[in-house]
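The values are calculated or read from the model by the stated rules, or taken from the named source; none is laboratory data. In this text, all values refer to a predicted model and were calculated from it rather than measured experimentally. Positions of Cβ are generated from backbone atoms using ideal geometry, with glycine treated the same way; all protein chains shown enter the neighbour counts.
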Amino acid sequence: MMSQDNSDSVKEMGDPLRLSRLRPEWSARVPLTPAQRIVLIALCAVLLLMAAWQPWLTAMVFVLISTVFYVVHAIYKLALVRFSISVNSELVIGADEIVALRDENLPVYSIMVPMYHERESVKHLVHALSQLDYPTDKLDIQLLLEDDDHETRAAVEAITLPPGFRVTVVPVSQPRTKPKACNVGLDFAYGEYLVIYDAEDRPDPDQLKKAVIGFSRAGEKTICLQSRLNFYNPRQNLLTRLFTAEYSAWFDLSLPGLSAVQAVIPLGGTSNHFVTRDLKHLLGWDAFNVTEDCDLGIRIQRAGYRTRMLQTTTWEEACSRVSFWIPQRTRWIKGYIQTYMVHMRHPLQLLSELGMAKFLHFQMVVGCSTLATLLNPLFWSLAVLWFLFRMESLTSLFPGPVFAMGVTCLFVGNFAFVYLGMIGCFRRRYWDLVGYALLVPFYWVLMSYSGWRAFFQFFSDPFKWEKTRHGLGGQGNESNT
Amino acid sequence: MNQTRESMLWRWGLWLILTVVILAAGLYLGRDVGTEGLVRQGICSELLAGHTAGRQGVISSIWWGPFPTLTILPVTFLIPAALDLSASLLVSAMFGAATLVLIAQALRLWGAGRWRWLLTLGVGLNPSFLEHCWMGSSFPMVTCLLILSLYSVTSWVQGRRLLDLIWFAFGSALLLGTGYEMSGWVLAAVCVVVIEEQRRLVSGAEKRAVLMVALFPLVYTVALWFLMCWLIMGDPLYAVRSLLAAGPGPGGALILPDVLWWCYAGLAAGVAWMLVQALRGHDRGGVCLTVLGLALPGAAGLMAWRERLWDAAPLLLALLPVAVLVLGHWLATSARLNGANMAGAPARGGGRVVLLLVCLPLVLVDIVPLALSARLPATPAGTGTSALSCSGMQPSWLPDLVRHIRLQTPFAKVFVCGFESFALLRDNTSPVFEHALDFNLDKSKHDYYGQVLYLLVHLPEQRNAMDSIHWKYSNIYVQGVKDALYDSDWGDWRLFELIQATGPR
C-alpha cells in the first residue's frame, strides 16, 4: 500500500521536455546540428581525399596528431591524480558537526528514485532509504514509476511504504529515459535540496546531513554536491573487481582532482545533491541525453555555478555480466558523445562562458576520454603487428620524435593508467583488489568495444536507453560499507 | 589564492630561479659540457634522427642508464639550434635546482624552520655539486631522485601518507633507471619498506597492497628494460652482460682529491652517530633515514671490494646532500623533543654545534677541488680521463684520422665502438664513421663485403671498459682479435683494420 500517490497530479505537472523546448540548443534532441553535419562531412571528405592522394603522409600526420593527443591526455590524467592526492578539495564533514545539527533546523530534503523494471530492488531500496539518518517529517521521497511498468508498481503496492515515501507515476511518452522521469519528479519535489538515487543504491546513512552542512559551507555558487560512488559487490567476479578498480580511480582520484582545479565535473549517475530552486532554474535534465548527469554537470558550470565533491559514499551494484556491462558502457559513452556535441555547437560561446581553463578541461574530460576509447584499438593493433611481425613499414609511420612519444605512451602511459587503478583501490582500502588492477588492460578492450558500439549507435539510435539489469550481485551482502 | 596553490607556485618559482642562477653561473664561468653530457646528447640526436644507434644507446648498457638520456631527449628536440645551449647542461641545472628545492621542502615539512636555508645553501654552494650541474652530468638527477626517494620513504614510515608511498615508488624506479650504480641503494630502500611492513600489525592483504604499490614501478622499469633489450638488441639480458661477462672491473682510481675522502668518511661517521641517536629516541623515521643514508657508503664499499671504485662516485658525491637531509631531520627532531620552536628561534646547543662542526667545514673543505678545477680541465668523476678531456671541443686528430683512412681508400668505413663514440662523433657528418654499440665482426664483414673496414676502440678504462666490444672480444684493445690488425693510435683510441677476403661473393 502506498503512503501517498500523486498520479492524478501528473496531469498538472510541467513539461518534462521543457529543456528541449525552451533551450533547444542545450538539448541533445537534435544529435547533430546542420552546421556540425557539414563540418563533419567536410572533415571526412578532406581525410579521404588526403588518404587517396598521399596515403602514407596522411597516415603519418594522423599518427602524429594521435600520439600528441595521447601524451597530453596521459599527462593530464596524472596531473589530476596528483592534485586529488595532495590537495583535499572535497568537502569533509566531521562527525561532531553532524551531531551538532538540530532536527528542527534541518530543511526538507527531496529524494527521487527513478525505477523501471526494478521489482527485485524495491524492498532493499525502501530499507536502505529508511536507514538514512534524517528526520522522517523532513523527507520527501518520490519513487518515480513508469505507467506501464506494472511489475514494479505491483511490487511497491505490495509493501507498506514508511512515512515520507510517495509514488509518482510517469506517463508513457517518448523518449523513455531516466532524465524525463526525473523532470516529472522535479516538478513535485518541494524540498530545499534534492538528491537522485538509483534503485539499487545504498547511501551512507549520514549522507543527507553531510550534504546540508556541505551546502552551507560551500558558498552560494555551489549548487551541486557529488558523492563518491562505489560498489557493494566488488569481489563477485573478475568483471566487478575491474569495474571497482575503475570506479575507485574515477570517483576517488579523478573527480576530486577535477574539483581541486575547479574544473567542469561530469556528474556521476546518482547521488548528485542539488539546490532544488537552482536546478529548476536550469530547467532540470535533458530528457534526450542518455548521460543527463554529465550534461547537467557541464550546464551547471556554464551557468556560472559550481559542483563540489562531498566525502561520503553511495554503494551501488557493479554490473557482473559482460552481456549487461557492454550495453551500460555503450550508453555512457554515447551520452558523452551527445554531451560533447551539444556543448560544442557554439565553441566560442562555450569558451566565453567557461573560460579557457574550464574549456580545456571540458575537452580533456568529455572529448578526449571518448576519443581515446575509440583510438585505442587502432594503436593496440599497430603495436601487436609490430611486436609479432616487426613490420618495418610501421616504423616509418613513427619518425624520430613521434616514435619517442609513441613509445612513451605505450609503455609509460599504459603503465600510468594501470597504476591509477591500483592507487584507486588502495585509497579505497580494497587491499585485495590492488593486484587485480594489473589486469585492467583487458578491461580496456571491453571499453573500446563499447566505445565503437556507442559511436555507431550515436548515429543510428541516439536516444536508445539500454537499461542495466540489477539484482545480479546480491543486495549488499558483501558489504564494504 | 589558497595556501596550497601559493606554496606550489612558490616552490616552482624558486625552482625556476635556481635553475636560471645555476645555468647563468655555468655559462658565465665558461664551463664546458662533460663527456657524459656529450654522449647523452649524441644518443638523443641519433634517436631523433631515427637511427638504430640511438635506440641502442638508450637501453643497451646499465652503465648508461636510459632515464637521463630520455629526460634530455625532449629538451634536445625543443631547444632551438640558434640558442646554442646544451640540452644536458639545461637538464642538469634543472635537476640541480630541483634537488635544492626538495631539500628545502623536506626540511620545512620536517620542521627544521629557518635552518633549512642554511643547510640547503650548504649543498648549493658545494663545488662538486655545482661542477656536476655545469658539466651536464647525470649526477644532479641521481641526487634529486635519491633525495626524493629518501624523503618520501621516511615520510611514509612516519606518517603513512599514500602520496609519499607513490613518490617513493616512482623515485626508486627512476633512480634505478639512471644506471647500475644506484641499484644497491634501491635494494636497501626496498628492504627497509619490506621490513617496515612486516613489523606492522595489519592484515596480510594490506601488507601486500603496500608492497605492490611501492614496488610495481620498480619491477615494471626492470621488466621494460629487459623487454627493450630483447626488442632492440635481441637479448633481454644484453644490458647486464657486462656484469655477467666482465667479472671484476679494471682498476682505475676514483679521481677525487684525497681531502674529499676524509670529508666522506666524516659525513658517514656523522650519519652513523645520528643513527644511534634515532635508535635511542625510538624515532622510526630517523632510523630509516640514517640507515638509508649509510647505505650509500655501504654500497660504495661493496663496489670498492669488487674493484670498481670508480662506480662509487655518484654514491659518494650524493652523500653530502643526504647527510644534510639527515642532519636537518635530526635537528628538527631534537628541537621537537626539547620543545624548541625551530621556525621562530634557532635550535639550541647540540644542533648548532653539529651544524658548525660537521656541515660547514665540509662545504669549505670542498673548495679545494674547485680551486683545482679552476686550473685543470674538469674531469667528471666516474668517467675518468678521456681523449676529449671534457673540453667541449672535438679532438684535433679526428680530421687527421679521416685523411689517414682516405689515403688507403676513399670508400672505407670506420666502426667507432662504445658510448664515447657519441661524444667523439658529435657534429661529424662524415659518412666514414659509424656508431657500433653492438659490434659483430662477422656480420660487419658480411654486410660490408669487399669494403675496407676499420674498428676504432677506446682504451678499456672505467666505464668504457664495460662497452660491449670489450666483453664480446676480450682484450681486443691490447691484442686485437681474429682478422683485426692493429693500425694506429689516436689519443686514447686504437684503430684496427679488419681483414677480409675480396674474392667473388
Output for Cβ contacts, cut-off 6 Å, separation at least six or different chains, first residue within 17 Å of B:Val192 (Cα to Cα) and at the interface with chain A (Cβ under 10 Å from one of its Cβ atoms) in the range B:212-226, second of a type in the set (Val, Ile, Thr) and not in a helix (DSSP H, G or I), reads B:Met212/A:Val434
Evaluate the following for A:Leu255: is it of a type outside the set (Ser, Thr, Tyr), touching a strand residue (DSSP E or B) at 6+ places or on another chain (Cβ under 8 Å) and in contact (Cβ under 8 Å) with a residue 12 or more places away in the chain?
yes
Condition (residue is surrounded by fewer than 24 Cβ atoms within 10 Å (Cβ to Cβ), within 14 Å of chain A (Cβ to nearest Cβ) and over 30 Å from A:Phe398 (Cβ atoms)) applied to the range B:12-21: is it met by at least one residue?
yes
If A:Gly355 meets every condition in (1) at positive phi; (2) touching a strand residue (DSSP E or B) at 6+ places or on another chain (Cβ under 8 Å) apart from one, which number is that one?
(2)
Can you tell me which residue within the range B:10-42, out of those that are among the aromatic types (Phe, Trp, Tyr) and under 22 Å from B:Ser128 (Cα atoms), is modelled with the highest pLDDT?
B:Trp15
So, in the range A:71-116, of the ones that are touching a Cys at 6+ places or on another chain (Cβ under 9 Å) and farther than 30 Å from A:Met364 by Cα, which residue ends up farthest from the other protein chains (Cβ to nearest Cβ)?
A:Pro114
Counted residues in the range B:404-437 being surrounded by fewer than 24 Cβ atoms within 10 Å (Cβ to Cβ) and among the acidic types (Asp, Glu) come to 2
If B:Phe67 meets every condition in (1) in contact with a Leu (Cβ under 8 Å, 6 or more places away or on another chain); (2) under 28 Å from B:Leu227 (Cα atoms); (3) at pLDDT below 90 apart from one, which number is that one?
(3)
When you go through B:Ala189, B:Ala169 one by one, which is the residue that is more than 30 Å from B:Gly34 (Cβ to Cβ) and crowded, with 17+ Cβ neighbours inside 10 Å?
B:Ala169
Just one of B:Ser7, B:Ser45 is in contact (Cβ under 8 Å) with a residue 24 or more places away in the chain, assigned to a helix (DSSP H, G or I), farther than 19 Å from B:Val123 by Cβ and of a type in the set (Ser, Thr, Tyr); which is it?
B:Ser45
Select the helices (runs of 4 or more DSSP H) contained entirely in the range B:136-218, then report the ones holding at least 2 residues which are within 17 Å of A:Arg427 (Cα to Cα).
B:139-159, B:162-177
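Every residue, every condition in (1) buried (at least 17 other Cβ atoms within 10 Å of the Cβ); (2) touching an Asp or Glu at 6+ places or on another chain (Cβ under 8 Å), yes or no:
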site	(1), (2)
A:Trp325	yes, no
A:Gly335	yes, yes
A:Leu348	no, no
A:Ala357	no, no
A:Met364	yes, no
A:Phe389	no, no
A:Ser396	no, no
A:Cys409	yes, no
Kindly indicate whether any position in the range A:131-150 is touching a Leu at 6+ places or on another chain (Cβ under 7 Å), among the β-branched types (Val, Ile, Thr) and assigned to a helix (DSSP H, G or I).
no
Please determine whether any residue of the range A:156-171 is part of a helix (DSSP H, G or I) and either within 25 Å of A:Tyr109 (Cβ to Cβ) or among the charged types (D, E, K, R) (or both).
yes
Any residue at all in the range A:357-380 that's β-branched (Val, Ile, Thr), within 25 Å of the chain's Cα centre (by Cα) and within 13 Å of chain B (Cβ to nearest Cβ)?
no
Could you say whether any residue in the range A:90-102 is over 25 Å from the mean Cα position of the chain (by Cα) and acidic (Asp, Glu)?
yes
For the structure I just gave you, tell me whether A:Phe387 is in contact (Cβ under 8 Å) with a residue 24 or more places away in the chain, over 31 Å from the mean Cα position of the chain (by Cα) and at the interface with another protein chain (Cβ under 10 Å from one of its Cβ atoms).
no
Among the candidates B:Asp467, B:Asp427, which residue alone is among the acidic types (Asp, Glu), touching a residue at least 60 places away in the same chain (Cβ under 8 Å) and under 25 Å from B:Cys44 (Cβ atoms)?
B:Asp467
Look at the range A:114-127 and say how many of its residues are more than 20 Å from A:Asp293 (Cβ to Cβ) and surrounded by fewer than 22 Cβ atoms within 10 Å (Cβ to Cβ).
7
Please verify whether B:Gly177 is within 14 Å of chain A (Cβ to nearest Cβ) and under 26 Å from B:Glu36 (Cβ atoms), treating the condition exactly as stated.
yes
Take B:Ala24 and decide whether it is more than 14 Å from chain A (Cβ to nearest Cβ), surrounded by 24 or more Cβ atoms within 10 Å (Cβ to Cβ), more than 26 Å from B:His435 (Cβ to Cβ) and over 19 Å from the mean Cα position of the chain (by Cα).
no
Residue check, A:Ser259 over 23 Å from A:Ile141 (Cα atoms) and modelled with pLDDT under 95
yes
